[in-house]
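Would you mind keeping the following structure in view while I ask a few things?
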């Protein structure tokens, strides 16, 4: 087996793998300070169907809350979720429901929130894939991250999900430290706890959900470095991928197409939090991005097959 064959072993030979290998080779000429890669999380590094993992976390927390305080279930936002009332969910709107879910953890210390997330991730099962949710990560992406690190890249997770939620698991799943996670930010309140400074979670979002153009803004404000590799799977990643691939030196935009209903799921890359937009596969063709077909380009999807 050649040295090239040992790189990205779960990626099938073809134009997509060649494009990735070509970029890795070209990027070695970049100064180390410019070797930055940004990966979306949901649907790019791990599964996002039938529900986002963070939504499963919130639903689990809601069920526990209702178990100790049944009156909570009467709140319209929670009632719509508990009853799976799609009409009510649509009428209330995802932003309002998301804010209500965030309030489940209002006043919690950040360290406690991190532990709650990790406790959930330790046992939560995917509803149809016969594996833990934290084991529903994509092996080919883990291999790509490994190759980037061998080439002294800084690898960041740029997610539409909650920053603290992803930070709680990013080191275990991807070996990405908390400071390299860019997501939707929750404000904290600085308080005195028995005359000792402390922090408490609020239900206020800083600057809006980390989708679309906000991803680019938050990469700059939180990382301070422009990526040369952007990896995503929906139109919510468009600006990030376009920004990463249009610098002066080598750059690559990778779009994962979920077209594998047999091993995972098959669905279009439209972000539920965005309005009408050009289909992201059309955008990819127009802008010359590299599209990863899960069905054709990946020999295996998950670490165990």
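The values are calculated or read from the model by the stated rules, or taken from the named source; none is laboratory data. Treat the numbers as computed from the prediction; the structure is a model and nothing was measured. Every residue, glycine among them, receives a Cβ derived from its backbone with ideal geometry; neighbour counts consider all protein chains shown.
Specify the residue that is surrounded by the most Cβ atoms within 10 Å (Cβ to Cβ); the eligible residues are those in segment 146-174 that are more than 19 Å from residue 102 (Cα to Cα) and under 14 Å from the mean Cα position of the chain (by Cα). Step through it out loud before you land on a result.
Within segment 146-174, the subset more than 19 Å from residue 102 (Cα to Cα) is 146-158, 170-174.
Subset that is under 14 Å from the mean Cα position of the chain (by Cα): 155-158, 170-171, 173-174.
Details: 155: 22, 156: 23, 157: 25, 158: 28, 170: 23, 171: 13, 173: 17, 174: 23.
So the residue we want is 158.
Against the condition in contact (Cβ under 8 Å) with a residue 40 or more places away in the chain, in contact with a strand residue (DSSP E or B) (Cβ under 7 Å, 6 or more places away or on another chain), within 24 Å of residue 239 (Cα to Cα) and not in a loop (DSSP other than H, G, I, E, B), how does residue 16 come out, does it pass? Show your work before the answer.
On the way: in contact (Cβ under 8 Å) with a residue 40 or more places away in the chain: yes; in contact with a strand residue (DSSP E or B) (Cβ under 7 Å, 6 or more places away or on another chain): yes; within 24 Å of residue 239 (Cα to Cα): yes; not in a loop (DSSP other than H, G, I, E, B): yes.
So residue 16 passes the test.
Here is a check on your reading of the model: is residue 182 buried (at least 21 other Cβ atoms within 10 Å of the Cβ) and assigned to a strand (DSSP E or B)? Spell out how you get there, then give the answer.
Numbers: buried (at least 21 other Cβ atoms within 10 Å of the Cβ): yes; assigned to a strand (DSSP E or B): yes.
When the stated conditions are applied, residue 182 passes them.
Here is a check on your reading of the model: is residue 129 under 23 Å from residue 232 (Cα atoms) and in contact with a strand residue (DSSP E or B) (Cβ under 8 Å, 6 or more places away or on another chain)? Can you show your working first?
On the way: under 23 Å from residue 232 (Cα atoms): yes; in contact with a strand residue (DSSP E or B) (Cβ under 8 Å, 6 or more places away or on another chain): no.
Considered against the rule, which asks whether it is under 23 Å from residue 232 (Cα atoms) and in contact with a strand residue (DSSP E or B) (Cβ under 8 Å, 6 or more places away or on another chain), residue 129 comes out as no.
Among the residues of segment 260-278, are any in a strand (DSSP E or B) and either touching a helix residue (DSSP H, G or I) at 6+ places or on another chain (Cβ under 7 Å) or under 30 Å from residue 186 (Cα atoms) (or both)? So that I can check it myself, show each step before the final result.
Let us first name the residues in segment 260-278 that are in a strand (DSSP E or B), namely 266.
In the following step, the residues that additionally are either touching a helix residue (DSSP H, G or I) at 6+ places or on another chain (Cβ under 7 Å) or under 30 Å from residue 186 (Cα atoms) (or both) were identified as none.
Within segment 260-278 (the criterion being in a strand (DSSP E or B) and either touching a helix residue (DSSP H, G or I) at 6+ places or on another chain (Cβ under 7 Å) or under 30 Å from residue 186 (Cα atoms) (or both)), the answer is no, since none of the residues qualifies.
Return the pair list, or none, for Cβ contacts closer than 8 Å from residues in segment 48-65 that are more than 27 Å from residue 260 (Cβ to Cβ) to residues that are outside any helix (DSSP H, G or I), at least 6 apart or on different chains.
Going by the 8 Å Cβ cut-off, the qualifying pairs are 60/124.
If I filter segment 250-257 for residues that are touching a helix residue (DSSP H, G or I) at 6+ places or on another chain (Cβ under 7 Å), part of a loop (DSSP other than H, G, I, E, B) and more than 30 Å from residue 93 (Cα to Cα), do I get at least one hit?
Among the residues of segment 250-257, at least one is touching a helix residue (DSSP H, G or I) at 6+ places or on another chain (Cβ under 7 Å), part of a loop (DSSP other than H, G, I, E, B) and more than 30 Å from residue 93 (Cα to Cα), which makes the answer yes.
Exactly one condition in (1) under 29 Å from residue 34 (Cβ atoms); (2) at pLDDT 95 or above is not met by residue 264; state its number.
Just one mismatch for residue 264, condition (1).
When residues of segment 279-305 are filtered for being more than 16 Å from residue 10 (Cβ to Cβ) and not in a helix (DSSP H, G or I), how many remain? Spell out how you get there, then give the answer.
Applying the first criterion (more than 16 Å from residue 10 (Cβ to Cβ)) to segment 279-305 yields 279-291.
Still in the list and also not in a helix (DSSP H, G or I): 279, 288-291.
So the count comes out to 5.
A further question on this structure: Among (1) in a helix (DSSP H, G or I); (2) surrounded by fewer than 12 Cβ atoms within 10 Å (Cβ to Cβ), where does residue 100 come up short?
(2)
So which of 148, 132, 144 ends up being in contact with a helix residue (DSSP H, G or I) (Cβ under 9 Å, 6 or more places away or on another chain) and free of Cβ contacts under 8 Å to residues at least 60 places away in the same chain? I'd like the intermediate steps shown before the answer.
Working: 148 fails: free of Cβ contacts under 8 Å to residues at least 60 places away in the same chain; 144 fails: free of Cβ contacts under 8 Å to residues at least 60 places away in the same chain.
Only one candidate qualifies: 132.
The rows are residues; the columns are (1) out of contact with any helix residue (DSSP H, G or I) (no Cβ under 8 Å at 6 or more places or on another chain); (2) at pLDDT below 95; (3) crowded, with 16+ Cβ neighbours inside 10 Å; (4) within 22 Å of residue 173 (Cβ to Cβ).
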{"residue": "45", "(1), (2), (3), (4)": "no, no, yes, yes"}
{"residue": "58", "(1), (2), (3), (4)": "no, no, yes, yes"}
{"residue": "65", "(1), (2), (3), (4)": "no, no, no, no"}
{"residue": "84", "(1), (2), (3), (4)": "yes, yes, no, no"}
{"residue": "94", "(1), (2), (3), (4)": "yes, yes, no, no"}
